[in-house]
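Down below is the structure, laid out as structure tokens.
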Amino acid sequence: MDIDALGACLTTPACVVTQTTSGLIVGMLLFLVAAGVTLIFGVLKIVNFAHGTFYMLGGYVAYTALGATDSYALAVLSGALSMALFGVVFERALISRVYGSNVLMQLLVCYAVVLIFDDLVKIVWGPEFHAMGMPPAFQVPPLFIAGGVVPPFYAVLIGIAGLIAIVLGLGLSMTRLGKTVRAAAINPQMVSVLGVNTTLLFAIVFAVGGGLAGLAGALAAPVRSLSPGMGFSVLIESFIVTVIGGMGSITGALVSALLIGLVRGFGTIGFPQFTDGLIYVVMIAILLLRPQGLFGRST
Amino acid sequence: MKVGPALRDVAIAVFALIVVLAIPLLHRSPAFEDFVIRLSAMALFATSLNLLVGNTGMVSFGHGMFYGFGAYAFALMMQMTDVSLPIAAVLAVLITTFAALCVGAICVRLGTDYFAFITLAVQMLFYSIIISWQSLTGGDQGLRGGIPRREIFGFELASQLHLYQFCAVVTVLGLLTLRHISVSPFGQTLRMIRDNEHRASFLGIVLWRARLFAFTVAGAFAGLGGVLAALFVSGAYPELADWPNSGQAIFAVMLGGISSFLGPVLGATILLALNDVVTRFTEYHGLVLGSVILAFALGFRRGVLDFIRLAWPGRLR
Amino acid sequence: MSGLITRRTMLGGSAASLLAAPWVARAQANTLRVGMQSILSGPIALLGTSSRNALMMEQDRINAAGGLLGRPIEFVFRDSKGQPQEAARLTRELVNSTGCELLIDAEASSGAFAVQEVVRDLGVACIHTNSETSSLTADPKIRVPTAFRVARQGVHDAVAGSAYLSEYANAKKLNKWATCSPDYAYGRDTTAQYLQFFKQFKPDVEVITEAWPKLGQPDFTEVITKLIQAKPQALFTLLYAGDLSAFVNQGNIYALFSQIAVATPNVDYPVLAAIKNLPAGIQSATRYLETFPNTPANKEWGQAYLKRWNERPTNWSWQNTVAMQFYEAAIKKANSLDGKALAAALTGMKINTPFGVDGTITMRDDHTTIGYAIGWGQTTPKEPFIVDVKAADWGKIIELETDWKKQQKYI
């Protein structure tokens, strides 16, 4: 532990700005993955343990698409869209068969998918790790804002993630589809009786959730390493985010993802060897004091 | 509880024990004996989890923490002190029981989903403590240098045959005890809580106390499984307490069947055998294992033993 | 064996017979089976696959030369998935039911320690090929009579690296250093060893900040910004493989490498292949490099590997190759496969091999190898990727290693 260093950092504006922005970056990418988990749980009451797989596949698809098209934008788009499609297939072919089953049966199905796709990735792309490389447009020096360092690439990522948070938030509260989704989260039978095609609705939810995870994987591919099994650590982190924020709450996911980002940003200075432990302590404390999470509806 | 079924359980246990102990006398197969040793640890682990999942309706994602706790407590005691092996084993189980009591006291009041997640979080905290507390646990490399397996009553646990016999006896006794708990009036109470906690509550059952007791007992037997695992690998490793290990127990329970007492044992057998066979033929065992699990989950939609019991009612317990 | 199946079928019913089949060893009497276990799946599968590739080449070479003791050899590969308890099981399985008479343990460190305990019980010959943790063979309590290590050893690398880096730091006047290493035993222990020797060689060095990212952490942003703010003159990092690649890519967009000098022992061919914009001038050790030692034999082996597998070898590849070269020589000398006889033959044995700094590698009597190539140089984006390689001084390495062992009370 290094409390002195933490104190010194907190009293230096440059340190606060830089660690806060790096916390934002970590948090925003985390939010993109966690948003899907919380959306799917909110509507379908399914804990999607295969969500890390969507993230991984999104990254790999983007990697291949970049090689084929030489365009980062197209690569990201294909990563997101292919995972949206994959989300629908996953929901229709597998998950729809275990609606209403024991939560552990759903876990079993998701786990099987994780196992299968980790190996398929290894067969298709090889066991070694890959890196996509930074697109030339972003190979520019970082910006200096209020003494803090912000690379343009990350500024764009934060922008995209922020935009998606807004679109999701507004979409859920303002549009007809969003209202239906929220209604289905509260009482799916009633929504179904009212003539809404819940089959279609559930597929859409999985498409959005999967697409977001694929988008996160594709967006992060230039700076992160691609390897089979890479989805696991992201999955665990997005669970933590979902639980702290409140299962089913998009706002909660956003706030808690940023919270985790900040804990990482300052934890690495104050508790470099126990940052993870710190996050679990936060999670346990929240579950005890407010089991439904920061923004969850109490049941 | 009638006397009849209890006697029948004991008779089955004694018969199973005799069969298992007789096999090496007829034919020595080191691979088979290794399998049974590993299975014994896993069977206790999975069956204890099912006391929570199947009996009480408490889905714990963090049960591996007690498996790991038992392994570390036992291995550390054997390495650092001179106590004899049975005493170290009993103490390790007692310490694990106490740990389960403490963790349970924090967790059992939460509702189903939150209970699953808080047990997961506590397990991950426990895991990161093992990793961080290097001076005691050896960190990610685990406890090195082996467990001194001191002789007890002419019993030498470094010998594979003796370890086999030891594990068989411990496991059969452990399973018998768990069976006894599960069919006892207390076990009935737990099932009532699972099926309708409000009704149980109206009948004057203190929910949290019953749940805490179940959680503690389950933790104790997981710890016993951990002791056997530590003996098999002659050490303790953080992987024993990690999340995927909890997952293994969950899969064993689900594959075998949550409504049958022996379901988790069957599930553990399938899982271990599948792992052992598949890893021989391909490095893509995840692909094979995943496909098999998927076939089971979507085909049967319940554990094998539960499925058989539904298909042929009255044939099995 | 068929008797076993019948009996168990009677006892245990159909499930047991299903299980019994794989327990029946199908070894042809004449073939010499060599068990090899490693991590063949998950994020560090490269450890196992690049070890396996090298061993397949050795299998072909040895069999073309008439096998061992006149018997053709055949490898049996197993995947432990990096789990120690699975590693322990596999060692037993390879010997007890697959009929392997020699073992190559290509596990990472935690698996290697588990294998070590099983080998202690079984008494079979085993060579650890990938664990670099010094205590595996240096600590007499952990050492096992029939188990050897053919691999780098952490303490050797630490002495060699510190000696090189202290000269480099003196020349460039770099006194303020930062460290950034993965937060697990290898990262922590090896960083501590490097710093200990570094301070010995250059007492005025100062470590102003340390960062400990988690192994396999996807995002290093907060670590990188922490390092930038501490304003060190140089950074020492033990990140490797995918983590190193991600760290370099993320550091690049913060222009980290134009601000501080970077030193790492871990730049190897897979990292070079994966990183598109490798900064020039990183000080790095040669894990495996075709041009160091700069001999035709080394180059020839590297090219043969590239040709056969369409990728370049790793550090793990040469280590496994040398392990088989040691087995080959020891079996010839002992004329036996017995664990004790092989142990006697291996102890003190010196063989000719392209990977020795002077064309030889020696198995010291504490069961670990010395004399293998350790060099440091600086990176360049094009072939040969690491240039100006300086060979480490093995005299100095052994002298300081002995001091270290005394300090640890190993001798």
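Roughly how compact is region A:14-77, stated as its Cα Rg over 2.2 N^0.38 Å to two decimals?
Details: Rg = 15.6 Å, N = 64, 2.2 N^0.38 = 10.7 Å.
Ratio of Rg to 2.2 N^0.38 Å for region A:14-77: 1.46.
Distance from the C-alpha centroid of region B:181-231 to that of region A:136-163: 54 Å, rounded to the whole angstrom. Here the Karplus relation 6.51 cos²θ - 1.76 cosθ + 1.60, evaluated at θ = phi - 60°, turns the backbone of region C:336-343 into coupling constants of 6, 10, 4, x, 5, 5, 5, 4 Hz, with x for every Gly and Pro. Which of the three applies to region A:1-138, rounded, prolate or oblate, going by the alpha-carbon gyration tensor with a ≥ b ≥ c and a/c under 1.5 meaning rounded? Cα axes put region A:1-138 in the oblate bin.
A cut-off under 10 angstrom between Cβ atoms defines the neighbours of residue C:268, and their net charge, with Lys, Arg +1 and Asp, Glu -1, is +2.
What FRET efficiency would be calculated for the residue pair residue C:258, residue C:304, taking the C-beta separation as r and a Förster radius of 25 Å, to the nearest 0.05? If you can, show how the numbers build up before the last one.
Working: r = 39 Å, r/R0 = 1.54.
For R0 = 25 Å, the calculated efficiency reads 0.05.
Calculated mean residue ellipticity at 222 nm for chain B: -24500 deg cm²/dmol, from DSSP H runs with n ≥ 4 weighted as -39500 (n - 2.57), summed, divided by the residue count and rounded to 500.
For the protein assembly as shown, the ratio of Cα radius of gyration to the globular rule of thumb 2.2 N^0.38 Å stands at 0.93.
Residue by residue along B:27-35, Cβ atoms of other protein chains within 10 Å of the local Cβ number 6 on average.
Highest mobility in the GNM of chain A, judged by mean-square fluctuation with C-alpha springs under 10 Å and restricted to A:121, A:167, A:37, is found for A:167. Region C:45-121 and region A:233-293 have Cα centres spaced 42 Å apart. In this structure, the amide hydrogen of residue A:225, modeled 1.01 Å from its nitrogen in the peptide plane, lies closer than 5 angstrom to those of C:246, counting only residues at least 5 positions away or on a different chain.
The fewest-to-most ranking of B:293, C:398, C:142 by surrounding Cβ atoms within 10 Å reads C:398, C:142, B:293.
Our helix-only sum for chain C, with -39,500 (n - 2.57) per DSSP H run of n ≥ 4 divided by its residues, gives a mean residue ellipticity at 222 nm of -15000 deg cm²/dmol. Charged side chains reduced to their Cβ positions (Lys and Arg at +1, Asp and Glu at -1) give chain B a dipole of some 1000 debye around its Cα centre.
Taking the convex hull of the alpha carbon positions in chain B and averaging its projected area over all directions gives 17.4 nm². When +1 charges are put on Lys and Arg Cβ atoms and -1 charges on Asp and Glu Cβ atoms, the dipole computed for region B:125-216 relative to its Cα centre reaches about 280 debye.
Neighbours of residue C:45, meaning other residues whose beta-carbon lies under 14 angstrom from its beta-carbon, give a summed charge of -3 when Lys and Arg score +1 and Asp and Glu score -1. Could you name the lysines in cross-link range of residue C:382, using Cα to Cα under 18 Å and dropping any fewer than eight places away on the same chain? Candidates past the 8-residue exclusion: C:276, C:299.
When A:26, A:150 are arranged by Cβ crowding within 10 Å, least crowded first, meaning fewest neighbours, the order is A:150, A:26. Of all stretches in chain C that contain no trypsin sites (Lys or Arg not before Pro) in a DSSP loop with at most 10 other Cβ atoms within 10 Å, the longest one is C:174-381.
What net charge do the residues around residue B:293 carry, taking every other residue with its C-beta under 15 Å from that of residue B:293, with Lys and Arg at +1 and Asp and Glu at -1? Don't jump to the answer; show the numbers that get you there.
Details: positive: A:97, B:301, B:302; negative: A:118, A:119.
Local net charge: +1.
For chain C, the longest principal axis of the alpha carbon atoms and the long axis of helix C:315-334 meet at an angle near 50°. Which whole-Hz couplings ³J(HN,Hα) result when phi for each residue of region A:211-222 is put into the Karplus expression 6.51 cos²θ - 1.76 cosθ + 1.60, θ = phi - 60°, listed in order with x for Gly and Pro? Coupling constants for region A:211-222: x, 5, 5, x, 4, 4, x, 5, 4, 7, 4, x Hz. In the elastic network of chain A, a GNM with C-alpha springs shorter than 10 Å, the most mobile of A:183, A:35, A:165 is A:183.
Axis of helix A:152-174 versus longest Cα principal axis of chain A: the two differ by about 30°, to the nearest ten degrees. With the simple model of a label 7 Å out from the Cα in the direction of the Cβ, residue A:77 to residue B:87 spans 7.4 nm. Around the amide H of residue C:235, modelled in the peptide plane, lie the amide H atoms of C:178, C:261, C:262, C:263, all under 5 Å away and 5 or more residues distant in sequence or on another chain.
Here, chain C has an Rg and a Dmax of 22.4, 79 Å when only alpha carbons are counted. Highest GNM mean-square fluctuation among A:261, A:270, A:210, for chain A modelled with Cα contacts below 10 Å: A:270. For residue C:368, the residues whose modelled amide H falls within less than 5 Å of its own, excluding neighbours fewer than 5 places apart on the same chain, are C:149. Each residue of region C:212-219 was assigned a 3J(HN,Hα) from its phi angle through the Karplus curve 6.51 cos²θ - 1.76 cosθ + 1.60 (θ = phi - 60°); the sequence is 10, x, 6, 4, x, 5, x, 10 Hz, with glycine and proline shown as x. Helical runs (DSSP H, four residues minimum) scored at -39500 (n - 2.57) apiece and divided by the length of chain A put the mean residue ellipticity at 222 nm at -24500 deg cm²/dmol.
Each reported figure results from applying straightforward, stated rules to the coordinates on display, with no laboratory input. Worth saying up front: this structure is predicted, and the values here are computed from it rather than measured. Virtual Cβ from ideal backbone geometry, glycine too; neighbours counted across all protein chains shown.
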